[in-house]
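The values are calculated or read from the model by the stated rules, or taken from the named source; none is laboratory data. Since the model is a prediction, treat every value here as computed from it, not as a measurement. Ideal geometry is used to build each Cβ from the backbone, glycine not excepted, and the neighbour counts take in all protein chains shown. Areas reflect the complete protein model, heavy atoms only, side chains present, ligands, DNA and RNA absent. Shrake-Rupley method; radii C 1.70, N 1.55, O 1.52, S 1.80 Å.
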Amino acid sequence: MRGQTTLDFATGASLFLLAVLFVFAFVPGILSPFTATAQEETVTANRAADVLTKDLLASPGESYLLDGECTAVLLGGLVDPGCDFRGSTLNARLGIADEQSINITVRGSPGAGGDELLCWNTTTQTIVNASSSARCSVSTDIRLTRETDSLARSSGSVITARRIVAIDGHTATMEVRVW
């Protein structure tokens, strides 16, 4: 019997390299369900926006019609027995893991403004533009935005979910950002 020829060696080496390339090409795809992606944040942002606008802040029986006082209580980090919030942190109230950071902002136009941050005037118990210093005091009134303190912003992706809502007779947009 003769030994291995150059042609046999080339055929075997080529098949081996094809097998190695196949493994490198398809193993990452097989393992991808186990790697972190932005899909988790997308689901979390949409779920949080739905919980806020349909249950937690919504008037009983009316989705997307927010209670102004309870919205101010939640976003101001206050405690009010009249609002049915469970948990002491924003993440706990929304049922979100503490490892995820969240930002909630309500913008609208109650009056002649545009897409401005809204404020809850504690004296008149009404929604006003936050930029109106005559009607929104930084020291006593509540700006309708809140961010979790748990994690610093990372360089990863930020997912935003938006809902059009009505709050105390004004149309507004609630933005929920998760990272």
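Consider region 46-70. How many of its residues are touching a Phe, Trp or Tyr at 6+ places or on another chain (Cβ under 9 Å) and more than 21 Å from Cys119 (Cβ to Cβ)?
Looking only at that region, the number is 1.
Look through Arg162, Arg177 and report the one residue that is within 18 Å of Thr53 (Cβ to Cβ), surrounded by fewer than 17 Cβ atoms within 10 Å (Cβ to Cβ), in contact with a Ser or Thr (Cβ under 7 Å, 6 or more places away or on another chain) and at pLDDT 85 or above.
Arg162 is the lone residue from the list that is within 18 Å of Thr53 (Cβ to Cβ), surrounded by fewer than 17 Cβ atoms within 10 Å (Cβ to Cβ), in contact with a Ser or Thr (Cβ under 7 Å, 6 or more places away or on another chain) and at pLDDT 85 or above.
Would you pick out the residues in region 57-91 that are on the phi > 0 side of the Ramachandran plot and at pLDDT 85 or above?
Answer for region 57-91, where residues must be on the phi > 0 side of the Ramachandran plot and at pLDDT 85 or above: just Tyr64.
For region 51-103, which positions are aromatic (Phe, Trp, Tyr) and open to solvent by less than 60 Å² (accessible area, probe 1.4 Å)?
Taking region 51-103 and keeping what is aromatic (Phe, Trp, Tyr), we get 64, 85.
Residue satisfying the conditions is Phe85 alone.
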